[in-house]
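Nothing in this text is a laboratory measurement; each read-out follows from the coordinates by a stated rule. A quick note: this is a predicted structure, and the numbers were derived from the prediction, not measured. Here Cβ is always computed from backbone atoms with ideal geometry, including for glycine, and neighbour counts include all displayed protein chains.
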Amino acid sequence: MVAADAWIAVYMMTDHYRGTLYTGVTANFQSRIIQHREGVGGFTRRYDLKRLVWYEIHDRMTDAIQRETSIKRWRRQWKINLIERDNPRWDDLYDAVFNWAPVPRVI
């Protein structure tokens, strides 16, 4: 069970424009991004990946895990294309996440 205020998300972190990429999935998006920025975790800590450059909110964890698994299999250029479609300057989206609440999807 996921807390009502927790966001299920797939996301990508980097260190700089077109730098090292990390793709992750979480059931508590805001907390996980804070952990990355504070240096908690193996890969993101080792490579100093603190810039959130892309994310996608999901309703179900199973869907998010499936999407993360798919993206992790992609070629690097496809991941770059996905980031640049929504965030062409590779801005850090951290502030946007903490000043934004997800809008429920209408199906």
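Points worth noting:
- Selection status of D91, over 11 Å from the mean Cα position of the chain (by Cα), on the phi > 0 side of the Ramachandran plot, outside any helix (DSSP H, G or I) and not aliphatic (A, V, I, L, M): no
- Test for Q35: is it touching a Phe, Trp or Tyr at 6+ places or on another chain (Cβ under 8 Å), surrounded by 14 or more Cβ atoms within 10 Å (Cβ to Cβ) and more than 18 Å from N81 (Cβ to Cβ): no
- Subset of the range 53-89 that is over 14 Å from Y22 (Cα atoms) and of a type in the set (A, V, I, L, M, F, W, C) - its residue that is surrounded by the most Cβ atoms within 10 Å (Cβ to Cβ): A64
- Pairing each residue of the range 46-61 that is in contact (Cβ under 8 Å) with a residue 24 or more places away in the chain with any residue that is among the small types (G, A, S) and outside any loop (DSSP other than H, G, I, E, B), provided the two are 6+ apart or on different chains, yields C-beta distances under 6 Å for Y55/A9; I57/A9; H58/A64.
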